[in-house]
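This report concerns only the one structure given below.
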Amino acid sequence: MQCQYFEANLCRSCTWLEKPYPQQLQDKNAHCQSLLPQVPEKAWLPIQPSPQTGFRNKAKLAAGGRGGDLTLGINTLHGPNQDLQHCPLYSPPMRSLIRDLARWLNFLGISPYDLQTRNGELKYLIVTEGADHQFLVRLVVRSHYWLGRLRAQVPMLQQQFPEVVSWSVNIHPEHAATLAGEEEHVLAGGYVPVKFGEVTVLSNPESFLQTNTFVATALYTQATRWLAALGVSRVLDLFCGVGSFALAAAKAGITAHGVESDPRAVEAAQMSAQQEALAAAFTTADATNTLTEALEKANNPQAVIVNPPRRGIGAALATDINNSGVPYVLYSSCNPQSFAQDLTQMTNYRVVRIRPFDMFPHTAHVETLSLMTRTKNG
């Protein structure tokens, strides 16, 4: 991949960019296997590759520069914000929209938030690309000062940017490393449809969404194929987010129940299931301590899917699953190290299939999907 920012030493986020892509995949495979020595060699499947450009469906751009002359990119430790409007990780339609949004923001004259002085308003512009090049746009600002003005812009914005189906403003007053605050104002729409293969998922401004649509589609397809091959008819999806795994399973005729602590994500998942008439239901709850209730709501499923954050599922939930008697577990991990730690608590299961997924090319990051079966003496 050619990148003007990397070549000019302006952005080094893609730390492996100078490494040939086949070598990247080989190194990621080796890294996963070194962290999971307990997984037999015959269980490993080839890593799922990714397109090398245009694969990100979400841009999280920090604002810099000054009002009327904004930069949108990444904050640097020393020096000005680095503009990344032409980043090749985004699709051409997304790059075009970002440039048009930058011109609109410059016309408004909204001032960027300055990390040193803690003055200014605009912290981030977040753009999510969905199906058919539809977009969700989210502005993260420091205060309510611009909220009314931005709301008044909506009719004009909907006419000028017909491809944007959702507009929202997040109020983030704290000087903190977090991306957004707790107060969200949806100005129009609220959701963008994202298509993963045959299933369409609704994503809202606040909920987690896999940022590589191509590889995520392969991830959900792989999980569904494993479940179907095992004859699974009921599945429980923990940490389900907007319901991607559960909805993909339901699309294949498997009754699914998802559990997620974010009520907005649960609302999106329920809407997705209703729109496609899928046999999937969702509950708002903390997946780490409600396994017994979740298993009952899922009508004693034959398989549990877990898709936790980087910290993993933790010793308590790993132990509960280990003692649950569920025949199969599908563990989707964005951190092989925490997955390896969780495996130490799941001695009643063995990994029979595992596949790495290159969700973030040109970086050391790698994800895995594992199929675990309950041992006969467990």
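Residue check, Tyr5 against (1) closer than 30 Å to Ser207 by Cβ; (2) out of contact with any Cys (no Cβ under 6 Å at 6 or more places or on another chain), all met but one. Which one?
All conditions pass for Tyr5, except number (2).
Look at region 296-327 and say how many of its residues are under 24 Å from the mean Cα position of the chain (by Cα) and closer than 22 Å to Val242 by Cα.
Looking only at that region, the number is 13.
Go through (1) modelled with pLDDT of 95 or more; (2) open to solvent by 20 Å² or more (accessible area, probe 1.4 Å); (3) over 27 Å from Gln23 (Cα atoms) for Asp342 and report which single condition fails.
That leaves (2) as the condition not met.
Between a residue in region 152-163 that is within 22 Å of Arg95 (Cβ to Cβ) and any residue that is assigned to a helix (DSSP H, G or I) and open to solvent by 80 Å² or more (accessible area, probe 1.4 Å), which pairs come within a Cβ distance under 9 Å, given they are 6 or more apart or on different chains?
Note: pairs meeting the criteria are Glu163/Asp132; Glu163/His133.
Considering only residues that are surrounded by fewer than 18 Cβ atoms within 10 Å (Cβ to Cβ), among the aliphatic types (A, V, I, L, M) and closer than 24 Å to Lys19 by Cβ, which ones fall in region 36-61?
Correct list: Leu45 only.
If I go through region 271-298 residue by residue, how many of them are open to solvent by less than 40 Å² (accessible area, probe 1.4 Å), part of a loop (DSSP other than H, G, I, E, B) and not hydrophobic (A, V, I, L, M, F, W, C)?
1
Restricting attention to region 109-134, report how many residues are closer than 26 Å to Thr211 by Cα and open to solvent by 40 Å² or more (accessible area, probe 1.4 Å).
Qualifying residue count, region 109-134: 4.
Among the residues in region 346-365, are any in a loop (DSSP other than H, G, I, E, B), more than 26 Å from Ser50 (Cα to Cα) and open to solvent by 10 Å² or more (accessible area, probe 1.4 Å)?
Checked against the condition, which is being in a loop (DSSP other than H, G, I, E, B), more than 26 Å from Ser50 (Cα to Cα) and open to solvent by 10 Å² or more (accessible area, probe 1.4 Å), region 346-365 yields at least one hit.
Can you say whether His175 is without any contact (Cβ under 8 Å) to a residue 40 or more places away in the chain and under 24 Å from Gly64 (Cα atoms), as far as the supplied structure shows?
So His175 does not fit the description; no.
What is the number of the single condition among (1) in contact with a Cys (Cβ under 8 Å, 6 or more places away or on another chain); (2) farther than 23 Å from His175 by Cβ that Gln52 does not meet?
(1)
Give the number of residues within region 215-232 that are open to solvent by 50 Å² or more (accessible area, probe 1.4 Å) and not in a helix (DSSP H, G or I).
Summing the residues that are open to solvent by 50 Å² or more (accessible area, probe 1.4 Å) and not in a helix (DSSP H, G or I) in region 215-232 gives 2.
Within region 20-56, which residues are in a loop (DSSP other than H, G, I, E, B) and over 25 Å from the mean Cα position of the chain (by Cα)?
Passing the criteria: Pro20, Pro37, Gln38, Val39, Pro40.
Just to verify a result, which residue in region 1-39, among those that are of a type in the set (Gly, Ala, Ser) and without any contact (Cβ under 8 Å) to a residue 60 or more places away in the chain, is farthest from Arg56 (Cα to Cα)?
Within region 1-39, the match that is farthest from Arg56 (Cα to Cα) is Ser34.
Only one of these conditions is not met by Pro301: (1) open to solvent by 20 Å² or more (accessible area, probe 1.4 Å); (2) modelled with pLDDT of 95 or more. Which number is it?
(1)
Filter region 165-210 down to the residues that are surrounded by 23 or more Cβ atoms within 10 Å (Cβ to Cβ), under 28 Å from Leu77 (Cα atoms) and of a type in the set (S, T, N, Q) and list them by number.
Matches in region 165-210: Gln210 only.
Here are Arg142, Arg118, Arg103: which of them is modelled with pLDDT under 95 and of a type in the set (D, E, K, R)?
On inspection, the qualifying residue turns out to be Arg118.
The values are calculated or read from the model by the stated rules, or taken from the named source; none is laboratory data. Fair warning: this is a prediction, and the values are worked out from it, not measured in the lab. Every residue, glycine as well, gets a Cβ built from its backbone with ideal geometry; the counts of neighbours run over all protein chains shown. To get the accessible areas, we keep the full protein, side chains included, count just its heavy atoms, and leave off ligands, DNA and RNA. Shrake-Rupley method; radii C 1.70, N 1.55, O 1.52, S 1.80 Å.
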